Structure formats: structure tokens, C-alpha cells
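S.K.: The structure that follows is given in the form of C-alpha cells.
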Amino acid sequence: MGTRRSFIKKLGLTTVALPLVGSVQKSSVLLSNDDQSKIVHKPIILSTWSFGKVANQAGWDILSKGGNALDAVEATAKFVEADLSQKSVGLGALSDRDGYVTLDACIMDEKGNCGSVMFLENILHPVSVARLVMEKTPHIQLVGIGAQQFAFDNGFPKHPAPTESSKKTWEDWVKKNNYTPRSDENNHDTIGVIALDQDGNLSGACTTSGLAFKMRGRVGDSPIIGAGLFVDNEVGAATATGTGEEVIRICGTHLVVELMRQGYSPENACKEAVTRIIKRSPKYTKEMIVGFLALNKKGEYGAYSTKKGFEYGVYDNSGTVLKDASFMEKE
Ligand code: SD4
């Protein structure tokens, strides 16, 4: 073995495990250092936060059978929307400060097609409405009652909200009336999901109820293309979570993808975006969380956050894992 390894080293070759299509098996092949930079790691799906790890299964079921990234990201986003125990995505979420649950979502495919809904009420699957905006209208964004009417017209039923438990949390909050609409440990968990399919195409989706107890009508970064989500099939995809106002200011995910275009690794691109946010408002660093998650065309990925605690799920041919993002804040 030792002899084989030193022989490989001399030649500048490395043994690399390559995933096989739709299977958990791996094969070992020898690649020159030049070839290593061309390795494409696919299919793969990534989602924000710990529920992302569970929800990735829905997308992986599609990707592992050769399905496309767009269907996969929608399926993963829907999985979380359908879970009414989630307090920051879908109709089970915490309300705004007037007691209404208002949802934001968007989706983007490998051709630059995109759709978005904002301030949408009583609809279980905003991400699917966003997809229909993309596929059936000449527009990108629909808001409020217009978005809701569009959903009804396309057969989405009206669902009640808030849930009893979210209503109770809101009633308790009203008593304190402590208006701090900022993401912290207790107020986060948008699902942003990005995927690379077997054909080498990228797509992404993002869906949220936004910040708990936000002002009525407030919309964050999540449904904004280039802020909460961006996909460029030549380069990569990125999604964001956390205090949306900070992400919008720097067109966060567009920035991350453009940095990857310039040669940044996914993690370093996310780190640079976080650095810009912190540079403008260092005092917020300890108070709020903003995290970015990115995937490039080769299937390399990375994440970076203002502070400790941002996790993301990864599902590829080697299985499913939850990872901790790197972070800026030092204790
Ligand atoms: C927002 N970015 O509405 C969302 C909230 C979020 O983790 O992601 N929280 O600003």
C-alpha cells in the first residue's frame, strides 16, 4: 500500500471517490491534479437549518432517480411548509405583530426563470404559488391579495391561520409588546434550498413566514431574487437566512454567486457577504444572525454566518448530514 501511495504521489495523482448516479456506491479512480478541478459532485441538495436535513429527503427522492433540481427544491420546501409545528415557515408559523400569518417565497431555475410571492395569507404552499407565477405569468412577483387571488384561481384552497399555539404565543407577546424584529436564536429558520441535479443544472427555492411579530406588510429578503435566493446556472446558487433587511442591503445571494464567478470558494463567497454586513453594522453582530449557504457548479458547497448556530443539511450520494456553518463572531 505504502509503495502504491508514494507512486501515486510522485505522479501527482490522487485516489478519489466518485459518486455514481442514483446509487450510494462509490468507485475509486485515479485523477491527475488538473482533472481534480473538474470533478463534479452531483446530484446534491442543501437546505438551511436542522429541519433542512429532514426535508432534504423529499428532494433527494427526486434527484436520486435522475429528476430535476427544480422539482427537488420545490419538494423540499413544501415538506417544511406542510409541517404546522414549524414556527417560521408555512401556516403554522408565528404571526406578525397584528396577529396575521403572512408568507413569502420564491423559486428560481437553471434558465434564470423565477417567481415570487410576498405577503401571502392562508395558502399552505407559497413556494408552489411562486412556481406558478414563474411558469404561468409574464411576471416575477405577486403580492398580497393579488397573489392570494392568483393562488385561488389556480386551485389552491384557503387554509386557516394562525394555529392555536401560534395565536397563544402572539397573545403572550402582545402583553409584553417588545418590538424587536430581528433574527436571533429564537426567531429564525427560513428554509432556503439549493440543488444540483444529475444533468448538472442548478435550482433554488426559499420560503418563510419572515420575522416573528414583524410589522404588518413587512417583507424580508426571502422572496426577493438576488437577496434571499439566486441561481446562475453557469456559476452556482446561494440562499440566505436571518435578518432580511441586512441581506437585502447587499443583494446578498447575488453577491455570493458573483463572488463564486470570480473564483471564490462557496464558503469564502459567503464569508465575504457576511463581512460586508458586519462592516456596516458591527453592533448587530452579536444580536442578530445572518447566514448564507452556497453551492457551485462543481457541487462544492459552503456556508458562513455572522454568529455560531447556523446549521445546514446536505444530501448527496454519500448520505445525509447536518453541518455547522463557519461563523464570524468570536466569543
Ligand atoms: C426574513 N430572512 O424575513 C427572513 C427570516 C429568516 O431565519 O430567514 N429567518 O428576513
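Just so you know, all these numbers are worked out from the coordinates, no wet-lab data involved. These figures come from a predicted structure and were not determined experimentally. In this analysis, Cβ positions are derived from the backbone assuming ideal geometry, glycine residues included, and neighbour counts consider all displayed protein chains.
S.K.: Take the Cα radius of gyration of the range 35-307 and divide it by 2.2 N^0.38 Å, with N its residue count; two decimals is plenty.
M.R.: Details: Rg = 17.5 Å, N = 273, 2.2 N^0.38 = 18.5 Å.
Compactness ratio reported: 0.94.
S.K.: In terms of Cα to Cα distance under 16 Å, which aspartates and glutamates are near enough to LYS175, apart from those fewer than 8 places away along the same chain?
M.R.: Result set, ordered by chain and number: ASP96, ASP98.
S.K.: Given the C-alpha centroids of the range 83-127 and the range 152-176, what is the distance between them in whole angstrom?
M.R.: The range 83-127 and the range 152-176 have Cα centres spaced 12 Å from each other.
S.K.: Which listed residue (LEU202, VAL133, PHE213) has the Cα farthest towards the positive end of the charge dipole for the range 35-307, taking +1 on Lys and Arg C-beta and -1 on Asp and Glu C-beta about the Cα centre?
M.R.: PHE213
S.K.: Loop-only trypsin sites (Lys or Arg not before Pro) in the range 191-251, please: DSSP not H, G, I, E or B, and at most 13 other Cβ atoms within 10 Å. Mind showing how you got there, number by number?
M.R.: Numbers: sites: LYS214, ARG216, ARG218, ARG249; in loops: LYS214, ARG216, ARG218.
Hits after loop and neighbour filter: ARG216.
S.K.: Right, something else. In which sequence would SER326, SER222 go, from the one with the fewest C-beta neighbours within 10 Å to the one with the most? Intermediate values should be presented prior to the final figure.
M.R.: Details: SER326 17, SER222 31.
Placing the least packed residue first, the sequence is SER326, SER222.
S.K.: Which of LEU293, LEU63 comes first, and how do the rest follow, when ranked by fewest Cβ neighbours within 10 Å?
M.R.: Values: LEU293 34, LEU63 28.
Placing the least packed residue first, the sequence is LEU63, LEU293.
S.K.: Take the cross-link list LYS78/LYS286; LYS283/LYS323; LYS42/LYS65; LYS53/LYS111; LYS53/LYS158; LYS42/LYS279 and give me the ones stretching past 24 Å between alpha-carbons.
M.R.: Numbers: LYS78/LYS286 32 Å; LYS283/LYS323 27 Å; LYS42/LYS65 12 Å; LYS53/LYS111 27 Å; LYS53/LYS158 29 Å; LYS42/LYS279 35 Å.
Violating the 24 Å limit, Cα to Cα: LYS78/LYS286; LYS283/LYS323; LYS53/LYS111; LYS53/LYS158; LYS42/LYS279.
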